[in-house]
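> I am attaching a structure below and will ask some questions about it afterwards.
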Amino acid sequence: MPEELLIRDYAPGDLPVCRALWAELTQWHRDLYDDQTIGGPDPGGYFDTYLATPGLRGPWVAELGGRVVGLTGLLPHWGECEIEPVVVSSGLRAQGIGTALVAHAVAQARAAGHTSVTVRPVARNAAAISFFVRQGFDMLGQIELSRDLREERPTRNGPHLTLHSLRLDY
């Protein structure tokens, strides 16, 4: 990457670009689920709700060449914490920005004394699951199964969960 990547604290002036990143993440989920209603009429607006989450650590932004191109944060849960979200501008993915964001969040979790850190990619997002496994997330803590009660929704086969060797959390 020719330009220097900086991971820094979120600043109020980052609000418009972070809302746009959130909208981009929401669109990814809309496309993944073939449901354009996910996130409501203002998908970037949920970023404001995220900022008001009690206990939120961060968020942190990735800045490349003076431009905010990524976002992450930590949600603490009783000694543990969750990295949520990890979003990188679509034109800049697979260049190490997400890796840098996750490494920063993990370091912050460790410094805060958390005993573990989790991520919760949606089951349909095989690319995110593979990314997080590459970042060292390899302990399977739970599986959530759902049943869609809307009869008109077609079902699709999803990824095999055995794409990677995972450890079990007992």
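The values are calculated or read from the model by the stated rules, or taken from the named source; none is laboratory data. In this text, all values refer to a predicted model and were calculated from it rather than measured experimentally. All Cβ positions, glycine included, derive from the backbone under ideal geometry; neighbour counts span all protein chains shown.
> Residues being in contact with an Asp or Glu (Cβ under 9 Å, 6 or more places away or on another chain) and over 21 Å from Gln27 (Cβ atoms): count how many of those fall in region 68-104.
3
> Right, here's the next one. From the list Gly79, Gly91, Gly40, Gly73, which one is free of Cβ contacts under 8 Å to residues at least 24 places away in the same chain and closer than 28 Å to Asp138 by Cα?
On the way: Gly79 fails: free of Cβ contacts under 8 Å to residues at least 24 places away in the same chain; Gly40 fails: closer than 28 Å to Asp138 by Cα; Gly73 fails: free of Cβ contacts under 8 Å to residues at least 24 places away in the same chain.
So the residue among Gly79, Gly91, Gly40, Gly73 that is free of Cβ contacts under 8 Å to residues at least 24 places away in the same chain and closer than 28 Å to Asp138 by Cα is Gly91.
> Follow-up. Take region 120-134 and flag every residue that is in a loop (DSSP other than H, G, I, E, B) and β-branched (Val, Ile, Thr). Explain how you work it out, then say what you get.
If we filter region 120-134 for residues that are in a loop (DSSP other than H, G, I, E, B), which is where we start, we get 120-125.
Val122, the sole residue that qualifies.
> Any idea which residue in region 12-43 is nearest to the chain's Cα centre (by Cα), counting only those that are among the small types (Gly, Ala, Ser) and either modelled with pLDDT of 90 or more or under 17 Å from Trp60 (Cα atoms) (or both)?
Initial filter on region 12-43 (among the small types (Gly, Ala, Ser)): 13, 20, 23, 39-40.
Next cut, either modelled with pLDDT of 90 or more or under 17 Å from Trp60 (Cα atoms) (or both) only: 13, 20, 23.
On the way: Gly13: 21, Ala20: 15, Ala23: 13 Å.
Per the criteria, the residue is Ala23.
> Taking the stated definitions as given, is Leu56 over 16 Å from Leu6 (Cβ atoms) and without any contact (Cβ under 8 Å) to a residue 40 or more places away in the chain?
Values: over 16 Å from Leu6 (Cβ atoms): yes; without any contact (Cβ under 8 Å) to a residue 40 or more places away in the chain: yes.
Yes, satisfied.
> Among the listed residues Val102, Val106, Val117, which satisfies the condition of being modelled with pLDDT of 90 or more and in contact with a helix residue (DSSP H, G or I) (Cβ under 6 Å, 6 or more places away or on another chain)? Steps first, please.
Working: Val102 fails: in contact with a helix residue (DSSP H, G or I) (Cβ under 6 Å, 6 or more places away or on another chain); Val106 fails: in contact with a helix residue (DSSP H, G or I) (Cβ under 6 Å, 6 or more places away or on another chain).
It is Val117.
> Considering only residues that are under 17 Å from the mean Cα position of the chain (by Cα) and either modelled with pLDDT of 85 or more or polar (S, T, N, Q) (or both), which ones fall in region 128-161?
Across region 128-161, the qualifying residues are Ala128, Ile129, Ser130, Phe131, Phe132, Val133, Arg134, Gln135, Gly136, Phe137.
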